[in-house]
């Protein structure tokens, strides 16, 4: 038990300490205790924590998740890995747009401490650290990144300001809204990298692959092949047809777009009043092909309590593997 580690490898802690009230401190301590009790090394170790067994994933799902994690924590090979002069992403040439302005609250009050009940999911603690900071640290350590533009409510700016660990990466902020984040991007950037902060486990190796594919193709996005059987249904919930999963991909982030292409896309969307769900959809409206870079199944989006538990498991497993 003495050797148990909970931090993501190479994770740097903020230099500053957040100002906290006594109630907030109690919530943090309570969350830290919950993380300890959910550790794979401790679950089932004594009857004192038997009540926490309900948070364990079913055995079949747990084993599948662990097996999946062991495989995908190693980066997959991109189809565009052949060295080409035109595919070199320069140092300090990428503008990262970190989307942290959503108000998603699907975790459920019964699962979380009352002090977190109204907190957006990207700021909920994952092993004692806000979910959004995991990808923030990943991008901060990459030599290709010149700036990180955090799209968030001003009341959460201090989380990122206090966590800044690389003075060579400029930190900017933008209010939620496509126009605001677009105007904040450095016009001299080689690529724009847009990432959902609710995906804390994105691997730097996968980011490098999708950056390279974005430079080659103008636009790219991380994704994984769909493994489940997908059926199309009508309004009455009757099956219409079974889709061929060989052609289906589950989209992830980051999404990579060349700045000039993104600008043209915004102009088209605004001019014609088009509905778009993400930034790659903007490029699709330009009839420009978007390349899918195969990522990792561990790059999950934390939306539900099950997702949060799975993310904790993956982090703990990876930490144990690194220490062994």
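The values are calculated or read from the model by the stated rules, or taken from the named source; none is laboratory data. Note that the structure is predicted; figures quoted are calculated from it, not measured. As a convention, Cβ positions derive from the backbone with ideal geometry for all residues, glycine included, and neighbour counts pool all protein chains shown.
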Residues 215, 201: which one is touching a residue at least 40 places away in the same chain (Cβ under 8 Å), within 20 Å of residue 285 (Cα to Cα) and either outside any helix (DSSP H, G or I) or within 24 Å of the chain's Cα centre (by Cα) (or both)?
215
All conditions in (1) at positive phi; (2) crowded, with 16+ Cβ neighbours inside 10 Å are true of residue 151 except (1)
Tell me yes or no: at least one residue of the stretch 159-179 is over 30 Å from residue 314 (Cα atoms), in contact with a strand residue (DSSP E or B) (Cβ under 9 Å, 6 or more places away or on another chain) and part of a helix (DSSP H, G or I).
no
Only residues that are under 12 Å from residue 197 (Cα atoms) and either out of contact with any strand residue (DSSP E or B) (no Cβ under 7 Å at 6 or more places or on another chain) or in a helix (DSSP H, G or I) (or both): list them for the stretch 138-151, please.
138, 139
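Considering each of 308, 261, 315 in turn, give the residue that is under 23 Å from residue 215 (Cα atoms) and surrounded by 16 or more Cβ atoms within 10 Å (Cβ to Cβ).
After applying the criteria, what remains is 261.
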Failed condition for residue 139, given (1) modelled with pLDDT of 95 or more; (2) touching a helix residue (DSSP H, G or I) at 6+ places or on another chain (Cβ under 7 Å), with all others met?
(2)
Checking residue 307 against (1) in contact (Cβ under 8 Å) with a residue 24 or more places away in the chain; (2) assigned to a helix (DSSP H, G or I), which single condition isn't satisfied?
(1)
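Matching residues to (1) within 28 Å of residue 120 (Cβ to Cβ); (2) out of contact with any helix residue (DSSP H, G or I) (no Cβ under 8 Å at 6 or more places or on another chain); (3) at pLDDT 95 or above:
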| site | (1), (2), (3) |
| --- | --- |
| 176 | yes, yes, no |
| 182 | yes, no, no |
| 190 | no, no, yes |
| 200 | yes, no, yes |
| 211 | yes, yes, yes |
| 222 | yes, no, yes |
